[in-house]
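Heads up: the structure comes next, in structure tokens.
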Amino acid sequence: MTSESAPTGVLLDAEAIQKILPHRPPFLLVDRVVVLEPGKRLVAWKGVTMNEPFFVGHFPGKPVMPGVLILEALAQACGLLAMKSIGPDEDVKNKVTFLMSIDGARFRRPVVPGDRLELHVEIVKRKGAIWRQKGAAMVDGQTVAEAEFMAMLADREQ
């Protein structure tokens, strides 16, 4: 994963992301995509605010974003990269990504309200409908979490 800062141009905003991913607030954990190299890598942002519903119970008086939600944000970014990499002939509206595994997850420091979670993901390998990707979540240039993800891109049932 590269630790270089992403540019501030928005390639996909929340509205465009919702046309690709089935997730909706409060479970949509990617706000914008700022770097996209189909077939290679993607950088996305998640603004972490005090208004996040999980902060009510995690933890009162000391809000910390749950690690599983940081991994979910990375997985959603991986899904976006896969969908934007399948080529123009595929209709992403008829596809969905199913998470199969998370390997080597590591957490380096807490994510708190006011942080901008920068999600760096890249494709490791693709074999048919199966994708292996790796991701690192960063705040202020420091890695806060990282993992490898395996997912299957499947037809969405109507």
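The values are calculated or read from the model by the stated rules, or taken from the named source; none is laboratory data. All of these numbers come straight from a predicted model, not from anything done at the bench. Methodologically, a virtual Cβ is constructed for each residue, glycine included, from the backbone with ideal geometry; neighbour enumeration extends over all protein chains shown. Surface accessibility is based on the protein's heavy atoms, side chains included, excluding ligands, DNA and RNA. Shrake-Rupley method; radii C 1.70, N 1.55, O 1.52, S 1.80 Å.
The figures follow:
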{"quantity": "Scope the range 52-84; condition outside any loop (DSSP other than H, G, I, E, B) and out of contact with any Leu (no Cβ under 9 Å at 6 or more places or on another chain); matching residues", "calculated": "53, 55, 56, 67, 68, 71"}
{"quantity": "Test result for residue 122, open to solvent by less than 40 Å² (accessible area, probe 1.4 Å), under 17 Å from residue 36 (Cα atoms) and not hydrophobic (A, V, I, L, M, F, W, C)", "calculated": "no"}
{"quantity": "Residue satisfying all of: in the range 87-108; out of contact with any Leu (no Cβ under 7 Å at 6 or more places or on another chain), part of a strand (DSSP E or B) and open to solvent by less than 70 Å² (accessible area, probe 1.4 Å); modelled with the lowest pLDDT among these", "calculated": "96"}
{"quantity": "Matching entry among 144, 124, 112 (being more than 17 Å from the chain's Cα centre (by Cα) and aliphatic (A, V, I, L, M))", "calculated": "112"}
{"quantity": "Residue match in the range 44-57 (condition: open to solvent by 30 Å² or more (accessible area, probe 1.4 Å) and acidic (Asp, Glu))", "calculated": "no"}
{"quantity": "Pairs with Cβ under 8 Å, 6+ apart, first in the range 46-64 and without any contact (Cβ under 8 Å) to a residue 12 or more places away in the chain, second in a loop (DSSP other than H, G, I, E, B)", "calculated": "58/64; 58/65; 58/66"}
